[in-house]
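Working notes, beginning with the structure itself.
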Amino acid sequence: MKAQGVPAGWNNNNYWSATPSASGHANVNLNNGNVNDNNDNNNNYVAFQVL
């Protein structure tokens, strides 16, 4: 079962935000709504909007 609001085949949890943070960039957890400050050495997914 996929998480609500996440397209089929996408990771259910952590994604990078384009928003800079003190340590690198914000990390958004789509599973619980948490937003954390993470350094850019962590491996996370990212979603882009192509215009």
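Every number here is computed from the coordinates shown, using simple stated rules; none is lab data. All values reported here derive from a predicted model rather than from experimental measurement. Glycine gets a Cβ as well: all are built from the backbone with ideal geometry, and neighbour counts include every protein chain shown.
Taking max minus min of the alpha-carbon positions on each principal axis, the chain gives extents of 34, 28, 16 Å, largest first.
Subtracting the Cα-Cα distance of N34 and F48 from their residue separation scaled by 0.36 nm leaves 3.1 nm. Between N11 and S23, the modelled label-to-label distance comes to 1.5 nm, taking each label 7 Å out from Cα in the direction of the beta carbon.
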